[in-house]
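A short reminder: the numbers here are calculations on the coordinates, not readings from a lab. Being a predicted model, the structure only gives us computed values, none of them experimental. Don't worry about glycine lacking a Cβ; one is built from the backbone with ideal geometry, like all the others, and counts go over all protein chains shown.
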């Protein structure tokens, strides 16, 4: 997230110097259903989203997004969700990015990413990375009350 302060991701629509919008879609390829262990079955999710980014200054930016998740399996639909996050660029190599999201399938999730770049510039890494490559699996048959 912090590298986007200087260079918006490929495909982002730049509204002005401080605001841009990024639309994305993630579609699984191949088998979309796997047994993970004796308790869980994982289903790959189709995810489509829209992120709005606002650059506060050279070191800090924010993101607010909406996404929709779906699966090929009956009963595997997860539905809509929202997310929010900050990106703080501590220096050229170190960045901190807390984020929070909520949807019906995963409820509330908080994550904290700490990124350290070894021997390269922020521009190089920014051109190689994508923000929406998180792998999400969902088990429509799992209930914490069925243990």
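With r as the distance between the Cβ atoms of residue 96 and residue 73 and R0 = 30 Å, compute the FRET efficiency 1/(1 + (r/R0)^6) and round to 0.05.
Computed FRET efficiency for residue 73 and residue 96: 0.25.
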Legend entry - Length gained when the stretch residue 62-residue 17 is fully extended (0.36 nm per residue, less Cα-Cα span): 14.8 nm
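Just subtract the alpha-carbon distance of residue 50 and residue 116 from 0.36 nm times their residue separation and send over the number in nm, one decimal.
Numbers: separation 66, 0.36 × 66 = 23.76 nm, distance 2.66 nm.
Length difference between fully extended and current span is 21.1 nm.
Calculate the FRET efficiency for residue 37 and residue 107 from the Cβ-Cβ distance with a Förster distance of 30 Å, rounded to the nearest 0.05. Could the numbers behind the result be given before it?
Values: r = 21 Å, r/R0 = 0.71.
Efficiency, from the Cβ-Cβ distance: 0.90.
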